[in-house]
Amino acid sequence: MKLLLLCAFFATDSLPTEFQLLSAMESFYQLQLESELAEFQTTQKMKWLKYLPTVGVTYTLEGKPRPAVSWSSNLLYANQKDKAQVLAKKQSIYKKHQLALEKEKLRLRNLLRQHHFLEQDISFLQDLFKYDHQLFEIKKDQAYKIEIPPSEYLKAEQVLKKKEYDIFQKQRELLELELQILTVAKYF
(Lines give C-alpha, C1' and ligand atoms only; values in the text may rest on other atoms or scores of the structure.)
Protein backbone atom coordinates (compact mmCIF):
# COMPACT_ATOMS: atom_id res chain seq x y z
CA MET A 1 0.00 0.00 0.00
CA LYS A 2 2.95 2.31 0.70
CA LEU A 3 4.06 1.64 -2.85
CA LEU A 4 0.75 2.86 -4.23
CA LEU A 5 0.82 5.99 -2.11
CA LEU A 6 4.31 6.74 -3.40
CA CYS A 7 3.13 6.23 -6.97
CA ALA A 8 0.08 8.40 -6.40
CA PHE A 9 2.34 11.14 -5.05
CA PHE A 10 4.50 11.11 -8.18
CA ALA A 11 1.60 10.51 -10.53
CA THR A 12 0.26 14.02 -10.35
CA ASP A 13 0.11 15.53 -13.78
CA SER A 14 3.65 16.76 -14.04
CA LEU A 15 3.56 17.47 -17.75
CA PRO A 16 3.08 20.96 -19.11
CA THR A 17 0.19 21.51 -21.48
CA GLU A 18 0.45 20.43 -25.11
CA PHE A 19 0.55 24.10 -26.12
CA GLN A 20 3.53 24.76 -23.82
CA LEU A 21 5.35 21.68 -25.13
CA LEU A 22 4.77 22.66 -28.75
CA SER A 23 5.85 26.24 -28.02
CA ALA A 24 9.07 25.02 -26.42
CA MET A 25 9.75 22.78 -29.41
CA GLU A 26 9.08 25.60 -31.88
CA SER A 27 11.35 27.95 -29.93
CA PHE A 28 14.15 25.39 -29.95
CA TYR A 29 13.88 24.80 -33.68
CA GLN A 30 13.66 28.55 -34.33
CA LEU A 31 16.90 29.10 -32.40
CA GLN A 32 18.52 26.23 -34.25
CA LEU A 33 17.40 27.70 -37.57
CA GLU A 34 18.72 31.14 -36.65
CA SER A 35 22.06 29.69 -35.62
CA GLU A 36 22.44 27.87 -38.94
CA LEU A 37 21.42 30.94 -40.93
CA ALA A 38 23.79 33.15 -38.95
CA GLU A 39 26.73 32.18 -41.14
CA PHE A 40 24.99 33.87 -44.07
CA GLN A 41 24.32 37.08 -42.13
CA THR A 42 27.81 38.48 -42.51
CA THR A 43 27.96 42.00 -43.80
CA GLN A 44 30.88 42.96 -45.92
CA LYS A 45 32.08 46.50 -45.86
CA MET A 46 33.04 48.08 -49.14
CA LYS A 47 31.54 45.41 -51.39
CA TRP A 48 32.00 47.77 -54.28
CA LEU A 49 35.76 47.17 -54.22
CA LYS A 50 35.38 43.84 -56.01
CA TYR A 51 33.93 45.65 -59.04
CA LEU A 52 36.89 47.99 -59.49
CA PRO A 53 39.00 47.38 -62.53
CA THR A 54 42.42 45.89 -62.13
CA VAL A 55 45.18 48.41 -62.59
CA GLY A 56 48.64 47.26 -63.52
CA VAL A 57 51.53 47.48 -65.91
CA THR A 58 51.86 45.69 -69.23
CA TYR A 59 54.75 45.72 -71.64
CA THR A 60 54.61 46.61 -75.26
CA LEU A 61 56.31 44.59 -78.01
CA GLU A 62 59.32 46.82 -77.70
CA GLY A 63 59.54 45.95 -74.00
CA LYS A 64 58.46 49.35 -72.75
CA PRO A 65 56.09 49.46 -69.76
CA ARG A 66 52.72 51.05 -70.10
CA PRO A 67 49.75 51.33 -67.68
CA ALA A 68 46.92 48.86 -68.16
CA VAL A 69 43.37 48.64 -66.87
CA SER A 70 41.25 45.51 -67.13
CA TRP A 71 37.79 44.61 -66.01
CA SER A 72 35.70 41.50 -66.56
CA SER A 73 31.93 41.14 -66.72
CA ASN A 74 32.41 37.72 -65.13
CA LEU A 75 32.58 39.55 -61.80
CA LEU A 76 28.92 40.52 -62.14
CA TYR A 77 27.94 37.01 -63.20
CA ALA A 78 29.91 35.39 -60.34
CA ASN A 79 28.36 37.79 -57.82
CA GLN A 80 24.82 37.04 -59.02
CA LYS A 81 25.56 33.32 -58.98
CA ASP A 82 26.91 33.54 -55.42
CA LYS A 83 23.82 35.43 -54.27
CA ALA A 84 21.55 32.81 -55.86
CA GLN A 85 23.50 29.96 -54.21
CA VAL A 86 23.30 31.63 -50.79
CA LEU A 87 19.57 32.17 -51.21
CA ALA A 88 19.07 28.53 -52.28
CA LYS A 89 21.12 27.32 -49.30
CA LYS A 90 19.05 29.48 -46.91
CA GLN A 91 15.81 28.12 -48.36
CA SER A 92 17.12 24.57 -48.10
CA ILE A 93 18.03 25.06 -44.43
CA TYR A 94 14.64 26.62 -43.72
CA LYS A 95 12.73 23.78 -45.41
CA LYS A 96 14.81 21.11 -43.65
CA HIS A 97 14.01 22.72 -40.30
CA GLN A 98 10.32 22.96 -41.14
CA LEU A 99 10.23 19.27 -42.05
CA ALA A 100 12.16 18.30 -38.91
CA LEU A 101 9.82 20.42 -36.76
CA GLU A 102 6.69 18.87 -38.28
CA LYS A 103 8.13 15.37 -37.86
CA GLU A 104 8.92 16.05 -34.19
CA LYS A 105 5.47 17.56 -33.64
CA LEU A 106 3.90 14.34 -34.91
CA ARG A 107 6.20 12.32 -32.68
CA LEU A 108 5.30 14.50 -29.68
CA ARG A 109 1.58 14.17 -30.33
CA ASN A 110 1.97 10.39 -30.58
CA LEU A 111 3.82 10.32 -27.24
CA LEU A 112 1.14 12.51 -25.66
CA ARG A 113 -1.52 10.11 -26.92
CA GLN A 114 0.41 7.19 -25.42
CA HIS A 115 0.65 9.18 -22.17
CA HIS A 116 -3.10 9.68 -22.12
CA PHE A 117 -3.75 5.98 -22.72
CA LEU A 118 -1.28 5.00 -20.01
CA GLU A 119 -2.98 7.36 -17.56
CA GLN A 120 -6.31 5.71 -18.39
CA ASP A 121 -4.76 2.27 -17.82
CA ILE A 122 -3.40 3.33 -14.44
CA SER A 123 -6.74 4.82 -13.41
CA PHE A 124 -8.52 1.61 -14.39
CA LEU A 125 -5.95 -0.53 -12.52
CA GLN A 126 -6.34 1.65 -9.43
CA ASP A 127 -10.12 1.26 -9.54
CA LEU A 128 -9.74 -2.51 -9.82
CA PHE A 129 -7.22 -2.44 -7.00
CA LYS A 130 -9.81 -0.91 -4.69
CA TYR A 131 -12.05 -3.93 -5.25
CA ASP A 132 -9.12 -6.32 -4.86
CA HIS A 133 -8.22 -4.61 -1.60
CA GLN A 134 -11.78 -5.05 -0.31
CA LEU A 135 -11.69 -8.73 -1.28
CA PHE A 136 -8.36 -9.04 0.51
CA GLU A 137 -9.84 -7.48 3.64
CA ILE A 138 -12.60 -10.10 3.54
CA LYS A 139 -9.97 -12.86 3.24
CA LYS A 140 -8.01 -11.26 6.05
CA ASP A 141 -11.09 -11.20 8.26
CA GLN A 142 -11.83 -14.83 7.41
CA ALA A 143 -8.25 -15.79 8.25
CA TYR A 144 -8.48 -14.09 11.66
CA LYS A 145 -11.72 -15.95 12.35
CA ILE A 146 -9.97 -19.13 11.21
CA GLU A 147 -12.58 -19.77 8.54
CA ILE A 148 -9.90 -20.27 5.85
CA PRO A 149 -6.44 -21.83 6.02
CA PRO A 150 -3.40 -19.51 6.26
CA SER A 151 -2.23 -20.60 2.81
CA GLU A 152 -5.35 -19.15 1.21
CA TYR A 153 -4.79 -15.89 3.06
CA LEU A 154 -1.16 -15.76 1.85
CA LYS A 155 -2.27 -16.41 -1.73
CA ALA A 156 -4.75 -13.54 -1.49
CA GLU A 157 -2.05 -11.28 -0.06
CA GLN A 158 0.33 -12.32 -2.84
CA VAL A 159 -2.25 -11.52 -5.51
CA LEU A 160 -2.86 -8.11 -3.94
CA LYS A 161 0.89 -7.35 -3.82
CA LYS A 162 1.29 -8.39 -7.47
CA LYS A 163 -1.49 -6.05 -8.51
CA GLU A 164 0.02 -3.28 -6.43
CA TYR A 165 3.35 -3.89 -8.17
CA ASP A 166 1.65 -3.83 -11.60
CA ILE A 167 0.32 -0.36 -10.82
CA PHE A 168 3.78 0.68 -9.63
CA GLN A 169 5.32 -0.51 -12.92
CA LYS A 170 2.73 1.40 -14.92
CA GLN A 171 3.49 4.52 -12.86
CA ARG A 172 7.20 4.10 -13.58
CA GLU A 173 6.43 3.61 -17.26
CA LEU A 174 4.40 6.82 -17.15
CA LEU A 175 7.29 8.75 -15.59
CA GLU A 176 9.70 7.45 -18.23
CA LEU A 177 7.25 8.44 -20.94
CA GLU A 178 6.95 11.92 -19.43
CA LEU A 179 10.73 12.29 -19.51
CA GLN A 180 10.74 11.20 -23.13
CA ILE A 181 8.00 13.72 -23.93
CA LEU A 182 9.93 16.54 -22.26
CA THR A 183 13.06 15.53 -24.17
CA VAL A 184 11.29 15.41 -27.53
CA ALA A 185 9.61 18.76 -26.83
CA LYS A 186 12.97 20.27 -25.83
CA TYR A 187 11.24 21.54 -22.70
CA PHE A 188 14.16 22.67 -20.56
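The values are calculated or read from the model by the stated rules, or taken from the named source; none is laboratory data. No experiment lies behind these values; they were computed from the predicted model shown. Glycine gets a Cβ as well: all are built from the backbone with ideal geometry, and neighbour counts include every protein chain shown.
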Subject >> Output for the stretch 122-132, where each listed residue is touching a residue at least 24 places away in the same chain (Cβ under 8 Å) and surrounded by fewer than 15 Cβ atoms within 10 Å (Cβ to Cβ) >> reply: Leu128
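Working carefully through the options Gln180, Gln169, find the one that is in contact with a Leu (Cβ under 7 Å, 6 or more places away or on another chain) and either modelled with pLDDT of 95 or more or within 30 Å of Phe28 (Cα to Cα) (or both). It would help to see each step written out before you state the result.
Working: Gln169 fails: in contact with a Leu (Cβ under 7 Å, 6 or more places away or on another chain).
Result of the check over Gln180, Gln169: Gln180.
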Subject >> Near pairs, Cβ below 6 angstrom, 6+ apart or cross-chain, from the stretch 11-23 (within 9 Å of Ala185 (Cα to Cα)) to any residue that is among the hydrophobic types (A, V, I, L, M, F, W, C) and at pLDDT 90 or above >> reply: Leu21/Ala185
Subject >> Among the residues listed as Lys130, Lys103, Lys155, Lys90, the single one being more than 30 Å from Lys50 (Cβ to Cβ) and modelled with pLDDT under 95 >> reply: Lys155
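May I ask you to list the residues in the stretch 64-116 that are among the hydrophobic types (A, V, I, L, M, F, W, C) and over 30 Å from Tyr187 (Cβ atoms)? So that I can check it myself, show each step before the final result.
Pass one, the stretch 64-116, residues among the hydrophobic types (A, V, I, L, M, F, W, C): 68-69, 71, 75-76, 78, 84, 86-88, 93, 99-101, 106, 108, 111-112.
Once the filter is applied, which keeps residues that are among the hydrophobic types (A, V, I, L, M, F, W, C) and over 30 Å from Tyr187 (Cβ atoms), the stretch 64-116 yields Ala68, Val69, Trp71, Leu75, Leu76, Ala78, Ala84, Val86, Leu87, Ala88.
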Original post:
Do we have Lys161 as among the charged types (D, E, K, R), at pLDDT below 95 and at negative phi here?
Top reply: no
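Please work out which residue is farthest from Phe19 (Cα to Cα), limiting yourself to the stretch 129-188 and to residues that are among the aromatic types (Phe, Trp, Tyr) and part of a helix (DSSP H, G or I). Before the answer, list the steps.
Residues of the stretch 129-188 among the aromatic types (Phe, Trp, Tyr): 129, 131, 136, 144, 153, 165, 168, 187-188.
Applying the additional criterion that residues be part of a helix (DSSP H, G or I) yields 129, 131, 136, 144, 153, 165, 168.
On the way: Phe129: 34, Tyr131: 37, Phe136: 43, Tyr144: 54, Tyr153: 50, Tyr165: 33, Phe168: 29 Å.
Residue satisfying both the conditions and the ranking: Tyr144.
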**OP:** With the condition kept exactly as written, say whether any residue in the stretch 46-67 is surrounded by 10 or more Cβ atoms within 10 Å (Cβ to Cβ), in contact with a helix residue (DSSP H, G or I) (Cβ under 7 Å, 6 or more places away or on another chain) and of a type outside the set (Val, Ile, Thr).
**Re:** yes
**OP:** Give just the number: which of (1) surrounded by 10 or more Cβ atoms within 10 Å (Cβ to Cβ); (2) of a type outside the set (A, V, I, L, M); (3) at pLDDT below 85; (4) in a helix (DSSP H, G or I) does Glu34 not satisfy?
**Re:** (3)
**OP:** Could you tell me whether any residue of the stretch 70-79 is free of Cβ contacts under 8 Å to residues at least 12 places away in the same chain and in a loop (DSSP other than H, G, I, E, B)?
**Re:** yes
Original post:
Can we say Ala185 is touching a helix residue (DSSP H, G or I) at 6+ places or on another chain (Cβ under 7 Å), of a type in the set (A, V, I, L, M) and modelled with pLDDT of 90 or more?
Top reply: yes
